[in-house]
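See below for the structure under consideration.
The values are calculated or read from the model by the stated rules, or taken from the named source; none is laboratory data. Please read all numbers here as calculations on a predicted model, not as lab measurements. Note that each Cβ is placed from the backbone with ideal geometry, even for glycine, and that neighbours are counted across all protein chains shown.
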Amino acid sequence: MNGYTIGALAGLILAFFGLAFGLGGFLIALLLGAIGAVIGGVATGRLNVRAAVDAAQGRSRG
């Protein structure tokens with residue numbers, strides 16, 4: 001699956017949670033999806049947490 005397909009599926013799932021469970025369900029689904037994306041990024045090595053924290057603090061690595 002490419003990025004467009006994954007994004008479309010994520011949007012449909014969030015829309016379902018928003019319709020079925022209201023704003024609270026939508027926000028919980030969005031939060032859990034973001035947490036899952038961060039965990040997946042760290043696990044696959046595509047997200048370097050140390051570099052992201054350093055960049056947020058205004059320091060550069062490397």
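Some notes on this structure:
- Reported count of residues in the stretch 1-49, each being out of contact with any helix residue (DSSP H, G or I) (no Cβ under 7 Å at 6 or more places or on another chain), closer than 30 Å to ARG59 by Cα and not charged (D, E, K, R), is 14.
- Residue within the stretch 30-44 that is part of a helix (DSSP H, G or I), at pLDDT 90 or above, surrounded by 10 or more Cβ atoms within 10 Å (Cβ to Cβ) and on the phi > 0 side of the Ramachandran plot present: no
- Pairs with Cβ under 6 Å, 6+ apart, first in the stretch 33-56 and within 19 Å of ILE6 (Cα to Cα), second not in a helix (DSSP H, G or I): GLY41/LEU47
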